[in-house]
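Structure record follows, encoded as structure tokens.
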Amino acid sequence: MRVAVFSAKKYDREFLTAVNDSHGHSLEFFKTRLTKVSASVAREFPAVSIFVNDVVVEATLTDLAQHGPRVVTLCRLQQR
């Protein structure tokens, strides 16, 4: 599945890429935060992964629901 990943830092990208090796999703990373303005970028993806700095307000979710992704995941990475 193609997944748009917003506002991931370098270490997030490295971790997600490594973990994804066994799952085979197509991850596309965007430096920008997901907001109601940048939500249009996600329209061509079936899934979106968001981080804590993204701004997922009602307008953002409405845009996603009307025009694109059917899966929105919250990515929370924690070091052990």
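Each reported figure results from applying straightforward, stated rules to the coordinates on display, with no laboratory input. Please read these numbers as outputs of a predicted model, since none were measured by experiment. Cβ atoms come from the backbone with ideal geometry, glycine included; neighbour counts cover every protein chain shown.
What's the angle, to the nearest 10 degrees (0 to 90), between helix 10-20's Cα axis and the longest principal axis of the chain? With rounding to tens, the tilt is 80 degrees. For the chain, the equivalent ellipsoid derived from the alpha-carbon gyration tensor has semi-axes of 21, 14, 10 Å in decreasing order. Note on Lys36: aspartates and glutamates with a C-alpha under 16 Å away, same-chain residues under 8 apart excluded, are Glu44, Asp54, Glu58, Asp63.
When the chain is treated as a Gaussian network with alpha carbon springs shorter than 10 Å, the biggest mean-square fluctuation among Leu16, Leu34, Leu64 belongs to Leu16.
What number, in percent, do you get for the relative contact order of the chain if the mean sequence gap of Cα pairs under 8 Å and at least 6 apart is divided by its residue count? Reported as a whole number, the value is 34 percent. Helix 58-67 and the longest principal axis of the C-alpha atoms of the chain enclose an angle of approximately 90°. The modelled label-to-label distance for the pair His67/Ser26, using points 7 Å beyond Cα in the direction of Cβ, is 2.1 nm.
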